[in-house]
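Data block below; observations after.
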């Protein structure tokens, strides 16, 4: 049987940032079936859709760049797949891009070189700008250098990530005395 491989990029925005990776796997399997796409299944007693996800996103972290691979039994255009799946899911899980891949192309986990996250804080630049210099404490001045959000790039080295987004949130909370209101995975580096 012929198989065709596609890489799907989608969003995972609030409130879906509280869905676990296992539940997300089931969600996309069901969306593929509802969309009527010709999914390839594993062999054996309990066949499952052939889906392969990238590294699991920590619970509570939003994403504009989640990736997974799917194998289909029929060649379709990326637009057909994208349109069919977007009809089956809410806008917070919107498919951004679908790419056709060779079967021999490296997996997502083998291809990823790094990830870029943004940490959004619950205060605004305007609020800080209205404070007089005497009202600004040392911590407030540190925050002003950060702005409304901080971008952190995590690079992978020999299959181990140097830091996790949750660990950085703890570091930022200790350094600036305030937790980020949101953490968003913005980009995957290939």
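Using the C-alpha gyration tensor of segment 4-106, what are the square roots of 5 times its eigenvalues, in whole angstrom, with the largest one first?
Output for segment 4-106: semi-axes of 21, 15, 13 Å.
Taking neighbour counts of Cβ atoms within 10 Å as a proxy for exposure, in what order, fewest first, do 41, 67 appear?
With the fewest neighbours first, 41, 67 line up as 41, 67.
Determine the gain in length on full extension of the stretch residue 23-residue 153; use 0.36 nm per residue of separation and subtract their C-alpha separation, reporting nm with one decimal.
44.1 nm
Rule-based calculations on the coordinates, nothing more; no lab input. Since the structure is predicted, the reported quantities are computational estimates derived from the model, not experimental observations. We place every Cβ from the backbone using ideal geometry, glycine too, and count neighbours over all the protein chains shown.
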